[in-house]
1. May I ask you to say which residue of Ala31, Ala38 is over 11 Å from Pro114 (Cβ atoms), crowded, with 21+ Cβ neighbours inside 10 Å and touching a Phe, Trp or Tyr at 6+ places or on another chain (Cβ under 6 Å)?
2. Please state which one of Val55, Val66, Val60 is in contact with a helix residue (DSSP H, G or I) (Cβ under 9 Å, 6 or more places away or on another chain), closer than 17 Å to Ala131 by Cα and among the β-branched types (Val, Ile, Thr).
3. Return yes when Asp127 is assigned to a helix (DSSP H, G or I) and either hydrophobic (A, V, I, L, M, F, W, C) or more than 19 Å from Val66 (Cα to Cα) (or both) and no when it is not.
4. From the residues in the range 114-124 that are free of Cβ contacts under 8 Å to residues at least 24 places away in the same chain and either within 17 Å of the chain's Cα centre (by Cα) or assigned to a loop (DSSP other than H, G, I, E, B) (or both), which one is farthest from Arg64 (Cα to Cα)?
5. Quick one: how many residues across the range 9-41 are in contact with a helix residue (DSSP H, G or I) (Cβ under 7 Å, 6 or more places away or on another chain) and farther than 16 Å from Met63 by Cα?
6. Among Thr91, Thr85, Thr76, which is closer than 14 Å to Val42 by Cβ and either of a type outside the set (A, V, I, L, M) or touching a Gly at 6+ places or on another chain (Cβ under 9 Å) (or both)?
7. Quickly run through the range 125-145 and pick out the residues that are of a type in the set (A, V, I, L, M) and without any contact (Cβ under 8 Å) to a residue 24 or more places away in the chain.
Amino acid sequence: MPVDNAPGTQHPTPAVLFVCVHNAGRSQMAAAFLAHLAGDRVEVRSAGSAPADAVNPAAVEAMREVGVDLSAATPTRLTTRAVETSDVVVTMGCGDACPVFPGKRYLDWALDDPAGQGVAAVRLIRDRIEALVRELLDELLPEQS
């Protein structure tokens, strides 16, 4: 479903927030894929309910393999403001930590947590995330896909 861009209700450019617990793997990979594929057509954010100190090195390596650089990414704490200013909020195992606001579109992607897994396992998660991000992008910008 495309984002409704009626004045005062949505952003001229759709804003997507990816949320997972540590903001070190799944949400970072999803945000990086969307930014890579959409460029400036979508505002991309990611956050975690309990952010880690650094992005998962296996996630960084798995994304490097497909030409997406996560090496400068840093985990960020989830804020109410981040949710309020997003059109679409994609959760990935953060449970009830994500605040819910009327008028926002919420998606929950059931994905394995890459924490503690090697690059081989993270590749499978990465590939699933890429497919989901491509589907989301097709919904957000159907005329541009």
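The values are calculated or read from the model by the stated rules, or taken from the named source; none is laboratory data. Predicted model, so just to flag it, every value in this text is computed and none were measured. All Cβ positions, even for glycine, are placed from backbone atoms using ideal geometry, and neighbour counts span all protein chains on display.
1. Unique residue meeting the criteria: Ala31.
2. Exactly one residue qualifies, and that residue is Val66.
3. Judged against the criteria, Asp127 is not a match.
4. That would be Gly116.
5. 8
6. Of the residues listed, the single one that is closer than 14 Å to Val42 by Cβ and either of a type outside the set (A, V, I, L, M) or touching a Gly at 6+ places or on another chain (Cβ under 9 Å) (or both) is Thr85.
7. The answer is Ala131, and nothing else.
A quick yes/no check of all residues on (1) among the aliphatic types (A, V, I, L, M); (2) at pLDDT 95 or above:
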{"residue": "Arg26", "(1), (2)": "no, yes"}
{"residue": "Met29", "(1), (2)": "yes, yes"}
{"residue": "Arg41", "(1), (2)": "no, yes"}
{"residue": "Arg45", "(1), (2)": "no, yes"}
{"residue": "Met63", "(1), (2)": "yes, yes"}
{"residue": "Val66", "(1), (2)": "yes, yes"}
{"residue": "Ala73", "(1), (2)": "yes, yes"}
{"residue": "Val83", "(1), (2)": "yes, no"}
